[in-house]
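Data first, discussion second: the structure below is written as structure tokens.
The values are calculated or read from the model by the stated rules, or taken from the named source; none is laboratory data. As the structure is a prediction and not an experimental result, all values here were calculated from the model. Here the Cβ is made from the backbone with ideal geometry for all residues, glycine too, and neighbour counts use every protein chain on show.
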Ligand code: AMP
């Protein structure tokens, strides 16, 4: 039986205190792919040493600490280090190019940037441009100048005692206007969501979670890690998802969290059998729609009904199919305890009756406090009574189950990652010979959706698909690149001049059939 080494009567004022109050003595927290094993207590002291190193570099309460580094235990522990220091973690997708980072660093103005050694030169230039004094490095083997700072005689580090309402992280999410927005998440947002999820999904110290998600995104960074951190369980921490490797880990694990692509890849692998999942109690999917067919085939093959849940960067998780009750395919389940969800008329905001599709709005302790340095935008995304307008369209059935029917903002989700068409369109339109462009998501068996561009050439110009994609490569992260570029004479538009993306999606619906 696990012993809790700190009694819960300890005054809990922030996320770090909460973790400390639940530290199980001796219990393992992480086993990584290099064979490194850390207990919860080891992880706590590692986060303290990182916090000390950040403090020595000048980071203090309220400062941002940006990180763009390969997945590793140290990279993950930066979050807890920042939480204990009262600093604000800004995780950045490892695929972002220097030209994309220019915007994020200029907006977040971090006091410290932690980056991969091979990115140091480019990022140092951006750091001086944005008056960020310190750039530290961290590679996938936990080496770099961050590690050297930690090896230096440690500064006296006492937890800085931030409050529940203090910011713990800013996670960038994109906007249809093409510019990313920083979602401000407090200690209370993250703690409440993790405690709720640990309870509804019944996580305990006996659980072993397969963690193959990226840690620059809310799913891998918070949903997966914090539920385990607060329930005393452990993780098999893998740099990336590889179906064969995950299959070899399943017999040691009890739970897995993934994006739908992981489940379709497992199903396609010959080694994925009922036998290898005998020890598992739970499979959870989210960040993009799980096809009904995937849910059915998974159940037939393994006997497990995948729990589909719904959330977003700004809110953490909002709904989940139940642990005990019926897990209904192609629904995202019921609102989580303590979280209110309603469906409204997107224009008027009037509440709709059950069964009618409209805008999903949510309210609860999980909901972020607003967009970083964008008070006006924040104002328009919340209703006067505090509900956040998610931008997702959905409906609630008579049993209370929520179904997502579409994305109001035409977001493309490819392999669980968001691509905002506007951003890719702007880059396409900047290419020579391109008059205009529309970017849509089309159904793709592996990625869920594939980024697809429809481009109209300038009069007299000719466009080559491979050249267009090569032209975007220096400007955009790989996952945002169109899988196909279709050349067209014009784009279909409505009377107001808006491109009819629905029509484009219908016309090209079967483009990736057979992929
Ligand atoms: P992110 O902020 O990257 O987590 O993306 C959030 C968006 O992903 C949501 O606003 C939804 O549009 C979508 N999403 C998340 N989970 C699901 C799901 N289970 N089914 C359908 N869409 C989802």
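In the range 123-154, which residue that is assigned to a loop (DSSP other than H, G, I, E, B) and touching a helix residue (DSSP H, G or I) at 6+ places or on another chain (Cβ under 6 Å) is nearest to residue 60 (Cα to Cα)? Lay out the reasoning, then the answer.
Applying the first criterion (assigned to a loop (DSSP other than H, G, I, E, B)) to the range 123-154 yields 130-133, 138-144, 152-154.
This time we only want the ones that are touching a helix residue (DSSP H, G or I) at 6+ places or on another chain (Cβ under 6 Å), so: 130, 138-139, 142, 144, 154.
Numbers: 130: 18, 138: 20, 139: 24, 142: 23, 144: 22, 154: 16 Å.
That would be 154.
Does residue 314 meet the test of being surrounded by 13 or more Cβ atoms within 10 Å (Cβ to Cβ), within 14 Å of the ligand (Cβ to nearest atom) and without any contact (Cβ under 8 Å) to a residue 60 or more places away in the chain?
No: the conditions fail for residue 314.
For the range 395-415, how many residues meet the condition of being in contact with a helix residue (DSSP H, G or I) (Cβ under 9 Å, 6 or more places away or on another chain), assigned to a loop (DSSP other than H, G, I, E, B) and either more than 9 Å from the ligand (Cβ to nearest atom) or over 21 Å from residue 367 (Cα atoms) (or both)?
Here the count works out to 2.
Among the residues of the range 353-373, which ones are part of a loop (DSSP other than H, G, I, E, B) and modelled with pLDDT of 95 or more? Explain how you work it out, then say what you get.
Kept after step one, since they are part of a loop (DSSP other than H, G, I, E, B), are these residues of the range 353-373: 353-357, 364-369, 372-373.
Answer for the range 353-373, where residues must be part of a loop (DSSP other than H, G, I, E, B) and modelled with pLDDT of 95 or more: 364, 365, 366, 367, 368, 369, 372, 373.
Could you list, in sequence order, all residues of the range 373-399 that are surrounded by 13 or more Cβ atoms within 10 Å (Cβ to Cβ) and at positive phi? Let's see the steps before the verdict.
Within the range 373-399, the subset surrounded by 13 or more Cβ atoms within 10 Å (Cβ to Cβ) is 373-374, 377-378, 381-383, 387-396.
Listed by number, the residues that qualify are 373, 391.
Condition first: closer than 29 Å to residue 407 by Cα and within 16 Å of the ligand (Cβ to nearest atom). Can you find one or more residues in the range 152-168 that meet it? Explain how you work it out, then say what you get.
Step one: of the range 152-168, the residues closer than 29 Å to residue 407 by Cα are 167-168.
From the residues that got through so far, the ones that are within 16 Å of the ligand (Cβ to nearest atom) too are none.
There is no residue in the range 152-168 that is closer than 29 Å to residue 407 by Cα and within 16 Å of the ligand (Cβ to nearest atom).
Of these, 59, 66, 116, which one is within 27 Å of residue 235 (Cβ to Cβ), buried (at least 17 other Cβ atoms within 10 Å of the Cβ) and more than 24 Å from the chain's Cα centre (by Cα)?
After ruling out the rest, the residue left standing is 59.
Within the range 203-210, can one find any residue that is buried (at least 24 other Cβ atoms within 10 Å of the Cβ) and either in contact with a helix residue (DSSP H, G or I) (Cβ under 7 Å, 6 or more places away or on another chain) or modelled with pLDDT under 95 (or both)? Explain how you work it out, then say what you get.
First, pick out the residues of the range 203-210 that are buried (at least 24 other Cβ atoms within 10 Å of the Cβ): 210.
Right, trim to either in contact with a helix residue (DSSP H, G or I) (Cβ under 7 Å, 6 or more places away or on another chain) or modelled with pLDDT under 95 (or both) and you get 210.
Among the residues of the range 203-210, at least one is buried (at least 24 other Cβ atoms within 10 Å of the Cβ) and either in contact with a helix residue (DSSP H, G or I) (Cβ under 7 Å, 6 or more places away or on another chain) or modelled with pLDDT under 95 (or both), which makes the answer yes.
Mind listing just one residue for me: the one in the range 295-311 that is within 26 Å of residue 390 (Cα to Cα) and in contact with a helix residue (DSSP H, G or I) (Cβ under 9 Å, 6 or more places away or on another chain) and, of those, surrounded by the fewest Cβ atoms within 10 Å (Cβ to Cβ)? Show your work before the answer.
Initial filter on the range 295-311 (within 26 Å of residue 390 (Cα to Cα)): 295, 306-311.
If we keep only those that are in contact with a helix residue (DSSP H, G or I) (Cβ under 9 Å, 6 or more places away or on another chain) as well, we get 295, 306, 308-309, 311.
Numbers: 295: 21, 306: 23, 308: 25, 309: 25, 311: 25.
Out of the qualifying residues, it is 295.
The rows are residues; the columns are (1) in a helix (DSSP H, G or I); (2) modelled with pLDDT under 95; (3) out of contact with any helix residue (DSSP H, G or I) (no Cβ under 6 Å at 6 or more places or on another chain).
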site	(1), (2), (3)
65	no, no, no
74	yes, no, yes
82	yes, no, yes
94	no, yes, yes
100	yes, yes, yes
106	yes, no, yes
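With (1) over 17 Å from residue 415 (Cβ atoms); (2) within 15 Å of the ligand (Cβ to nearest atom); (3) free of Cβ contacts under 8 Å to residues at least 60 places away in the same chain as the list, and residue 204 as the residue in question, which single condition is left unmet?
Failed condition: (2).
Could you count how many residues in the range 416-439 are part of a loop (DSSP other than H, G, I, E, B) and crowded, with 21+ Cβ neighbours inside 10 Å?
Result for the range 416-439: 2.
Scan the range 375-394 and report the pairs whose first residue is assigned to a loop (DSSP other than H, G, I, E, B) and whose second residue is within 15 Å of the ligand (Cβ to nearest atom), with Cβ atoms within less than 7 Å and a gap of 6+ or a chain change.
383/361; 383/389; 387/361; 387/362
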